[in-house]
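Questions regarding the structure given below will be posed in turn.
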Amino acid sequence: MEEAEFDPIDLPPPKRTLPAKLYLISPQDVGGPFPDRLKAALEPGVATAFQLRVKDVDEHELARLAEPLQRICADANVAFIVNDSMALAKRLGADGVHLGQSDGDVRDARALLGPSAQIGKTCHDSRHFAMEAGEAGADYVAFGAFYPTTTKPSNYRPAPSILTWWSTLFEIPCVAIGGITPENAKPLVDAGADFIAVCQAVWGKDDTAAATQAFAEVLG
């Protein structure tokens with residue numbers, strides 16, 4: 001579907017009343033020492049959500065791996081979100097689920113997981129997808145990748161102005177994702193991102209606590 005023309009350049013900067021928040025995306029390997037690395041990453045109190053994003057692993061095994069991670073998140077008062085799978089989110093009693101464009105409908109996730117679940121939707125660079133997700137009852141929409149990334153290579157490159165457009169016109173929070181580091185996050189925060197989603201910027205570092213703390217100042 002062709003989107004209506006809309007030029008967000010003339011929109012004023014969004015009036016931020018709260019700082020942006022850090023949303024951690026897991027690496028592929030969440031076994032071995034990872035629970036301790038997650039616990040350390042959450043200790044600075046900068047991150048408020050953690051998404052379990054592990055591909056091509058049996059659901060029973062993934063549920064086993066998820067158990068200590070979910071407990072660590074609960075102890076830190078951090079939302080535990082499952083990527084893609086409504087069934088796994090239901091099985092774990094997760095705080096919510098994040099759906100890609102091909103991972104099911106927000107309404108179905110709401111019916112399965114209940115009114116308190118946090119349901120997010122990937123919207124790439126599409127205003128149309130984002131408005132559809134909002135109308136379906138999503139709790140947040142995610143735009144990206146804003147920068148080159150090896151975590152989930154993407155041909156989509158939205159301009160930061162899509163965050164300004166969304167946050168100025170809609171109340172549902174928006175997430176910026178894709179190759180974000182402490183050095184390049186500020187334009188996205190200034191544009192209106194409510195959450196900054198990161199993966200390698202934290203898990204690619206030896207000291208995960210220092211890596212999350214590095215985002216504290218830029219989040220405002």
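The values are calculated or read from the model by the stated rules, or taken from the named source; none is laboratory data. These numbers were taken from a predicted model, which means no experiment stands behind them. A quick note on method: Cβ atoms are made from the backbone with ideal geometry, for glycine too, and the neighbour counts reach across all protein chains shown.
For the range 206-217, state whether one or more residues are of a type outside the set (A, V, I, L, M), within 21 Å of residue 100 (Cα to Cα) and surrounded by 16 or more Cβ atoms within 10 Å (Cβ to Cβ).
Taking every residue of the range 206-217 in turn, none turns out to be of a type outside the set (A, V, I, L, M), within 21 Å of residue 100 (Cα to Cα) and surrounded by 16 or more Cβ atoms within 10 Å (Cβ to Cβ).
Condition check ((1) surrounded by fewer than 22 Cβ atoms within 10 Å (Cβ to Cβ); (2) within 24 Å of residue 149 (Cα to Cα); (3) modelled with pLDDT of 95 or more) across all residues:
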| site | (1), (2), (3) |
| --- | --- |
| 37 | yes, yes, yes |
| 72 | yes, no, yes |
| 91 | yes, no, yes |
| 97 | no, yes, yes |
| 127 | yes, yes, yes |
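Can you tell me which condition residue 145 does not meet? The list is (1) closer than 21 Å to residue 201 by Cβ; (2) in contact with a Cys (Cβ under 8 Å, 6 or more places away or on another chain); (3) among the small types (Gly, Ala, Ser), and all the others hold.
Among (1) closer than 21 Å to residue 201 by Cβ; (2) in contact with a Cys (Cβ under 8 Å, 6 or more places away or on another chain); (3) among the small types (Gly, Ala, Ser), the lone unmet condition for residue 145 is (2).
More than 22 Å from residue 54 (Cβ to Cβ), at pLDDT 95 or above, out of contact with any Leu (no Cβ under 6 Å at 6 or more places or on another chain) and not small (Gly, Ala, Ser), is that true of residue 141?
yes
Only residues that are part of a loop (DSSP other than H, G, I, E, B) and either more than 18 Å from the chain's Cα centre (by Cα) or under 22 Å from residue 122 (Cα atoms) (or both): list them for the range 57-101, please.
57, 58, 78, 84, 85, 93, 94, 95, 100, 101
Table: residues versus (1) in contact with a helix residue (DSSP H, G or I) (Cβ under 7 Å, 6 or more places away or on another chain); (2) more than 29 Å from residue 104 (Cβ to Cβ).
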| position | (1), (2) |
| --- | --- |
| 129 | no, no |
| 147 | no, no |
| 154 | no, no |
| 169 | no, no |
| 172 | yes, no |
| 193 | yes, no |
| 196 | yes, no |
| 219 | yes, yes |
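Looking only at the range 49-70, which residues are β-branched (Val, Ile, Thr) and surrounded by 17 or more Cβ atoms within 10 Å (Cβ to Cβ)?
54
Looking at the range 158-169, I want the residues that are without any contact (Cβ under 8 Å) to a residue 40 or more places away in the chain and under 11 Å from residue 188 (Cα atoms) and have a partner that is loosely packed, with under 15 Cβ neighbours inside 10 Å and among the charged types (D, E, K, R) with Cβ atoms under 9 Å, at least 6 apart or on another chain. Which pairs are those?
Nothing qualifies.
Moving on to the next point. Which is at pLDDT 95 or above, closer than 23 Å to residue 162 by Cβ and either among the acidic types (Asp, Glu) or not in a helix (DSSP H, G or I) (or both), of 48, 17?
On inspection, the qualifying residue turns out to be 48.
In this structure, does residue 179 turn out to be part of a strand (DSSP E or B) and either crowded, with 19+ Cβ neighbours inside 10 Å or under 16 Å from the mean Cα position of the chain (by Cα) (or both)?
Judged against the criteria, residue 179 is not a match.
Could you check the range 124-142 and list, in sequence order, the residues that are without any contact (Cβ under 8 Å) to a residue 40 or more places away in the chain and either in a loop (DSSP other than H, G, I, E, B) or in contact with a His (Cβ under 9 Å, 6 or more places away or on another chain) (or both)?
124, 125, 137, 138
Taking into account only those residues within the range 108-123 that are among the charged types (D, E, K, R) and in a helix (DSSP H, G or I), which is surrounded by the fewest Cβ atoms within 10 Å (Cβ to Cβ)?
Going through the qualifying residues, I end up with 108.
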